[in-house]
1. Go through (1) in contact with a His (Cβ under 9 Å, 6 or more places away or on another chain); (2) modelled with pLDDT of 95 or more one by one and return the number of the condition residue 271 breaks.
2. Filter segment 196-211 for residues that are surrounded by 24 or more Cβ atoms within 10 Å (Cβ to Cβ) and among the charged types (D, E, K, R); which is nearest to residue 125 (Cα to Cα)?
3. If the Cβ limit is 8 Å and pairs must be 6+ apart or interchain, which residue in segment 218-234 that is within 21 Å of residue 186 (Cβ to Cβ) and among the aliphatic types (A, V, I, L, M) pairs with which residue that is open to solvent by 50 Å² or more (accessible area, probe 1.4 Å) and at pLDDT 90 or above?
4. With the requirement that a residue be closer than 15 Å to residue 306 by Cβ and part of a loop (DSSP other than H, G, I, E, B), what does segment 265-282 give you?
5. Within segment 137-158, can one find any residue that is open to solvent by 50 Å² or more (accessible area, probe 1.4 Å) and free of Cβ contacts under 8 Å to residues at least 24 places away in the same chain?
6. Within segment 307-338, track down each residue that is surrounded by fewer than 16 Cβ atoms within 10 Å (Cβ to Cβ) and among the acidic types (Asp, Glu).
7. Filter segment 177-195 for residues that are in contact (Cβ under 8 Å) with a residue 40 or more places away in the chain and open to solvent by 20 Å² or more (accessible area, probe 1.4 Å); which is nearest to residue 348 (Cα to Cα)?
Amino acid sequence: MGNCLRNPKTSFSSATNYHTESVASPPQEEADVDSDAEPMENIVSPNLKMYTLAELQSATRNFTRHENLDEKGGFQVGGVYKGWVDEATLAPSQLSIGIPVVVKKYQLDSDHSLKECKTEVKFLGKSSHSNVVKLLGYCWEDQQFFLVYEYMQKRSLDTILFRNGEQLSWQTRLQILIGAARGLAYLHTELNVIHRDFKTASVLLDGDFNAKVSDLGLAKPGPTNGYSHVCTDVVGTYGYAAPEYVATGNLYVNSVVYNFGVVLLEILTGRRVMDMNRPRNEDNLVDWARPYLHNKGKLKRIMDPKLEDRFPIKAAYKAAALVLKCLLHSPKDRPDMNEVLNTLEHIKTIPMSS
C-alpha cells in the first residue's frame, strides 16, 4: 500500500476536520480531484428545486421556526429552520399543510465551506434511495446559501442514543443498522461515493426509526479505472476513521466499513466511541471493548444496560463478530457493505429465545 502523505499533521476533534500535506501519488493510487473551481450550475441536479429567498422565507415564516438540531453536518451552519412545502410541487405551503422540511443556512465564509456545500449538492442531488436523506432543493441568493431537506422526526441516531437516552429495543437497533448499511451500500455500488465522516450523527431517523445516511459534504468519489483507492486529505471525527486512512490518506471503499463497525459497537454498548468522562482505560470504546467481543460470556458485560438483557445472545455474539471483522486493520480483509448488510439481515432473523 503506497503512501500519499508525508509527515501528516493530525488534529482530529469531535466535530472538525484535520488536513494533511499531500505528495505525488504512486501508480496504484488515484489522485483526488479538487472540484472547487466547478461552477454551481454544473453541479446542481435537475431533480432539485431552485428556491428564491422569498420562497424560503414564506416556507419558514420568515425563518422564525428555528430547529435546535444537533446534526448540522460537517460544515458551517448558520441556522436550521423547519418549514412546510407542497408535496407535489415543493412550493411553500401553509403551516402544517403539505410536508415538513428542514431548511439549513450555510455560512460560506471560506473556500472550504463552499467546496463542502457543492459536494453535498452534487452527491445528494443524484441520490434516489430510501436510506439516503433526500435533498429537495437549494437557494443561492444575495450571497446566502440554503439547502432544503426532508424532515426527519427522530433527528439523529446520536441524539436518540446518547442525548435523549431513549429506550431502543434490540430489533429497533438492528432496523437502524440495516437501513444505514443499505444507504452506504447504495452509495458505494450505485454512486461510487465514499462517506468520509460516517458516524452516529450521520444517521437520521424518521418517525418509524427508518435510517437514512446524511452529511455528504466531506464525501469523495471512489476509485475508478482499476485503482484500489484514492489519495486525499484526511478529514473526519476522532475515533471513527479507519487506521489506514488516518496514517496515510489512502481512502478505500472499505475504509467506511471501519466507521460502520464503530457505529455498530456504539449501538451494542450504548457508549460513545470517545468519552473522556469515563475511567482512563474505558475512554476509547474500541480499545476497551475489543477483548470482550470474542466471548459470549464476556460480551454480556458490555452490552447496553438499557437493553435489560432483552436480546438473543446468539445474535449479539454474531453482531460482535461482525464488529471485529469491520475493525480489521487491513481494508482488504474487511467485508464490503453488501456483506455487512446480508449479515445484519440474517442476525435480525435470530429469535429472541436463542
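1. Against the list (1) in contact with a His (Cβ under 9 Å, 6 or more places away or on another chain); (2) modelled with pLDDT of 95 or more, residue 271 comes up short only on (1).
2. 196
3. Matching pairs, first to second residue: 230/221.
4. Looking only at segment 265-282, we keep the residues that are closer than 15 Å to residue 306 by Cβ, and these are 266-272.
Once the filter is applied, which keeps residues that are closer than 15 Å to residue 306 by Cβ and part of a loop (DSSP other than H, G, I, E, B), segment 265-282 yields 270, 271, 272.
5. Taking every residue of segment 137-158 in turn, none turns out to be open to solvent by 50 Å² or more (accessible area, probe 1.4 Å) and free of Cβ contacts under 8 Å to residues at least 24 places away in the same chain.
6. 308, 309, 333
7. Among those residues, the one meeting the criterion is 182.
Rundown of residues vs (1) at pLDDT 90 or above; (2) open to solvent by 30 Å² or more (accessible area, probe 1.4 Å); (3) in contact with a helix residue (DSSP H, G or I) (Cβ under 6 Å, 6 or more places away or on another chain); (4) within 20 Å of residue 215 (Cβ to Cβ), yes/no style:
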position: 77; (1), (2), (3), (4): no, no, no, yes
position: 89; (1), (2), (3), (4): yes, yes, no, no
position: 92; (1), (2), (3), (4): yes, yes, yes, no
position: 100; (1), (2), (3), (4): yes, yes, no, yes
position: 111; (1), (2), (3), (4): no, yes, no, yes
position: 118; (1), (2), (3), (4): no, no, yes, yes
position: 129; (1), (2), (3), (4): yes, yes, yes, yes
position: 135; (1), (2), (3), (4): yes, no, yes, yes
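The values are calculated or read from the model by the stated rules, or taken from the named source; none is laboratory data. Only a predicted model underlies this, so the values are computations on that prediction, with no experimental measurement involved. Cβ coordinates were reconstructed from backbone atoms using ideal geometry, including for glycine residues, and neighbour counts include every protein chain displayed. In case anyone asks, the SASA skips ligands and DNA or RNA and just uses the protein heavy atoms, side chains included. Shrake-Rupley method; radii C 1.70, N 1.55, O 1.52, S 1.80 Å.
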